[in-house]
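Novice: Have a look at this one.
The values are calculated or read from the model by the stated rules, or taken from the named source; none is laboratory data. The shown structure was predicted, so the numbers you read here are calculated from the model rather than taken from an experiment. Here the Cβ positions follow ideal geometry from the backbone for every residue, glycine too, while neighbour counts run over all protein chains shown. Heavy atoms of the whole protein, side chains included, go into the accessibility calculation; ligands, DNA and RNA do not. Shrake-Rupley method; radii C 1.70, N 1.55, O 1.52, S 1.80 Å.
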Amino acid sequence: MKTPISMIAILALALTSVPAFAHRSPIVHLTPANVRALRLRLATASLRTLHAYRTFYGTFTLPPGAEAVVTPRIQGRVTALYATVGDYVHRGAPLARVQSLLVGNPPASVLVHAPMSGLVDMRPAILGEGVVPGTPLYRLIKPHRLWLKAYVYQEDIASIHLGQKASVRALGVSAKLRGRIVMMAPRIDRRRGAQTIWLSFASTPATLKPALFARARITVGTTKTVAVPRTAIVDVNGRRAVFVAAGPGRFHYTPIGAGICEHGYCGTSGLKVGVRVVMQGNAELYTLWLTGGKLKADS
């Protein structure tokens, strides 16, 4: 879209002639031809329910009770291994046989059983190796039960609490997950400068794996407020305002307070439902208002 010659002149004037705020009229006057030349578009302020979000990042991990390290109870030598990585075993199933080093004829041996049902994630045991109580033989996991472990940095800690719901996107997984905060660390991790939180899920797809990266968006606030399109707000050096249609060719510069923004709309204070605000051409109107401008020409 080409900028009219007259608008280039207006913008140039704004850079060289800026009257003091106190002497400006809040009204910008335009003729019908001026309105057409500026291609103004208006929108109606409406009452909307808006949500504030915070986004956090983390990885999927196993929750408490979803993993077990299998170790022998005696000192001895591994003489048999009954499962391998990727196998699903049931609680009580034999996993290994350890022959005791105690003198006997024949030497005593002990079967090592699965303490829970799950998937064999690791098998560090080696056939024939010597072991002692506490030596890892197997690691079992329940991969269908995954939590998201995420980190909340200090500026957001006050807005996060147990029970909050979250929308979660995992890297490489198309389905959107719905989670809930179920556990929070009691202190800030000094190395990260963040508090650790854990989110659980009613169900998780089989494509999820431990250590998979994900992003969680948590709703931290909801408000019902008068809202306008984000594009209607002029924000210069922290001063936010809109131009309200005050009659044919008359546009009122109106300072506002801006609140939550969502889906292209921002909550405001200082406006009433039903007022019409400029959502396209408001930057040009702002330039006219800065210069105390009143276009007399029709183009």
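Novice: Going through segment 186-227 one residue at a time, which ones are touching a Leu at 6+ places or on another chain (Cβ under 7 Å), of a type outside the set (Phe, Trp, Tyr), part of a strand (DSSP E or B) and surrounded by 12 or more Cβ atoms within 10 Å (Cβ to Cβ)?
Specialist: Scanning segment 186-227 gives Leu199, Ala214, Ala216, Thr223, Thr225, Val226, Ala227.
Novice: Out of segment 36-68, which residues are surrounded by 13 or more Cβ atoms within 10 Å (Cβ to Cβ) and not in a strand (DSSP E or B)?
Specialist: Correct list: Ala37, Leu38, Leu40, Ala45, Leu62, Pro63, Ala66.
Novice: Name the residues in segment 230-272 that are in a strand (DSSP E or B), charged (D, E, K, R) and open to solvent by 40 Å² or more (accessible area, probe 1.4 Å), would you?
Specialist: Asp235, Arg239, Arg240, Arg250
Novice: Let me ask you something else. Can you confirm whether Ala83 is touching a helix residue (DSSP H, G or I) at 6+ places or on another chain (Cβ under 9 Å) and over 30 Å from Met183 (Cβ atoms)?
Specialist: no
Novice: What pairs come up if the first residue lies in segment 185-199 and is closer than 9 Å to Tyr151 by Cβ, the second is assigned to a loop (DSSP other than H, G, I, E, B), and their beta carbons are under 7 Å apart, counting only those six or more places apart or on different chains?
Specialist: Ile197/Ile160
Novice: Taking segment 112-130, which residues are part of a loop (DSSP other than H, G, I, E, B) and closer than 12 Å to Gly86 by Cβ?
Specialist: Residue satisfying the conditions is Arg123 alone.
Novice: Further question: Are there any pairs with C-beta distances below 8 angstrom linking a residue in segment 72-86 that is within 15 Å of Ser109 (Cα to Cα) to a residue that is of a type in the set (Lys, Arg) and open to solvent by less than 40 Å² (accessible area, probe 1.4 Å), with the two at least 6 apart or on different chains, and if so which?
Specialist: none
Novice: Just to be sure before I move on: is Arg215 closer than 28 Å to Ile157 by Cα and not polar (S, T, N, Q) in the structure I sent?
Specialist: The answer is yes for Arg215.
Novice: Somewhere in segment 80-90, is a residue open to solvent by 70 Å² or more (accessible area, probe 1.4 Å) and in contact with a Ser or Thr (Cβ under 7 Å, 6 or more places away or on another chain)?
Specialist: Scanning segment 80-90, I find at least one residue that is open to solvent by 70 Å² or more (accessible area, probe 1.4 Å) and in contact with a Ser or Thr (Cβ under 7 Å, 6 or more places away or on another chain), so the answer is yes.
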